[in-house]
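*Asks:* Below are the structure tokens for one structure; questions will follow.
The values are calculated or read from the model by the stated rules, or taken from the named source; none is laboratory data. What you see is a predicted model; the values in this text were computed from it and never measured. Backbone-built Cβ (ideal geometry, glycine too); neighbour counts: all protein chains shown. Surface areas here come from the heavy atoms of the whole protein model, side chains and all, with no ligands, DNA or RNA. Shrake-Rupley method; radii C 1.70, N 1.55, O 1.52, S 1.80 Å.
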Amino acid sequence: MISSTVFMEQLNKYYTVWHECNYAYEAWAKAHALSVNSLWILCAIHDGRDDCTQKKISQRWLIPKQTINMVLKDFIGKGFVELLPMPEDKRNKIIRFTAAGKEYADMIISELRKAELFAIEELGTARMEQLNESMALFVELFNKSGGKRDDEPNS
């Protein structure tokens, strides 16, 4: 049986790599004059097409609505986005790029994807699939634990 020390070493390595991954994206965003939240919001609007709302960004990217609102105000000030009322719910707004915003987002996101795809190509498809499967399994097992205490029966 593997000792808990070995598990803790692996967990600490996981924490380190996870933080390094987050830092890599933060550094990339900063090098492009963005905060990492601005980068993710730009990606969300780009990927959301004509169906992007603050609520959807918040749920998908786990960014607080207040932060999203602050970033959107900045993007509006730069002429990158506009907020349009949703036909079925006037309280919510659809977020859309302006022509200048689409051009800017296309440039930033294509550079980001180029860097990400380079890393994936170097890693290889098999290792990338293994990484994705392992992360998905980790999340599933973590969620399965449900925060149970050691003295609770597994059911």
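*Asks:* Take the alpha carbon gyration tensor of segment 95-142, find the square roots of its eigenvalues, order them as a ≥ b ≥ c, and report rounded if a/c is under 1.5; if not, report prolate when a/b exceeds b/c, else oblate. Mind showing how you got there, number by number?
*Replies:* Working: a/c = 5.82, a/b = 1.86, b/c = 3.13.
Judged from the Cα gyration tensor, segment 95-142 comes out oblate (a/c at least 1.5, b/c at or above a/b).
*Asks:* Within the chain, which DSSP H helices have Cα atoms that stretch 24 Å or more along the helix axis and a mean Kyte-Doolittle hydropathy of at least 0.0?
*Replies:* Values: long enough: 4-31 (40 Å, -0.52); 99-123 (35 Å, 0.11); 125-145 (30 Å, -0.15).
Flagged H segments are 99-123.
*Asks:* What percent does the relative contact order of segment 1-146 come to when contacts are Cα pairs within less than 8 Å and at least six residues apart? Could the numbers behind the result be given before it?
*Replies:* Working: 95 pairs, mean separation 24.1, N = 146.
In percent, rounded to a whole number, it is 17.
*Asks:* If you roll a 1.4 Å probe over segment 1-133 with all protein chains in place, what percent of the accessible area is carbon or sulfur? Before the final figure, lay out each step's value.
*Replies:* Numbers: 5400 of 9370 Å².
The C+S portion of the solvent-accessible surface of segment 1-133 is 58 percent.
*Asks:* Something else about it: Could you put GLU82, GLU20 in order of accessible surface area, largest first, with the 1.4 Å probe and the full protein assembly present? Provide the component values of the computation, followed by the final result.
*Replies:* Values: GLU82 80, GLU20 110 Å².
Listed by decreasing accessible area, they come as GLU20, GLU82.
*Asks:* For the chain, what does the helix formula give at 222 nm: sum of -39500 (n - 2.57) over DSSP H segments with n ≥ 4, over the residue count, nearest 500 deg cm²/dmol? Don't skip to the end; give the middle numbers.
*Replies:* On the way: 6 runs with 108 residues, N = 155.
One gets -23500 deg cm²/dmol as the mean residue ellipticity at 222 nm.
*Asks:* For the chain, with only Lys/Arg (+1) and Asp/Glu (-1) charged at the beta-carbon, what is the dipole magnitude about the Cα centre, in debye rounded to 20? Walk me through the numbers on the way to the answer.
*Replies:* Working: 20 positive and 22 negative charges, 144 e Å.
Its charge dipole is roughly 700 debye.
*Asks:* Write down the accessible area per residue of segment 55-117 in Å², having rolled a 1.4 Å probe over the full set of protein chains. Walk me through the numbers on the way to the answer.
*Replies:* Working: 4210 Å² over 63 residues.
Spelled out: the 1.4 Å probe surface of segment 55-117, per residue, equals 67 Å².
*Asks:* Could you tell me whether segment 63-155 comes out rounded, prolate or oblate from its Cα gyration tensor? Rule is a ≥ b ≥ c as square roots of the eigenvalues, rounded for a/c under 1.5, then prolate if a/b exceeds b/c, otherwise oblate. Write out the running numbers ahead of the final one.
*Replies:* Details: a/c = 3.36, a/b = 1.44, b/c = 2.33.
The shape class here is oblate.
*Asks:* Arranged from highest to lowest average of other beta-carbon atoms within 10 Å per residue, in what order do the peptides 129-142, 67-80 appear? Can you show the working numbers first?
*Replies:* Numbers: 129-142: 10.4, 67-80: 16.3.
Per-residue Cβ counts within 10 Å, averaged per peptide and sorted highest first, yield 67-80, 129-142.
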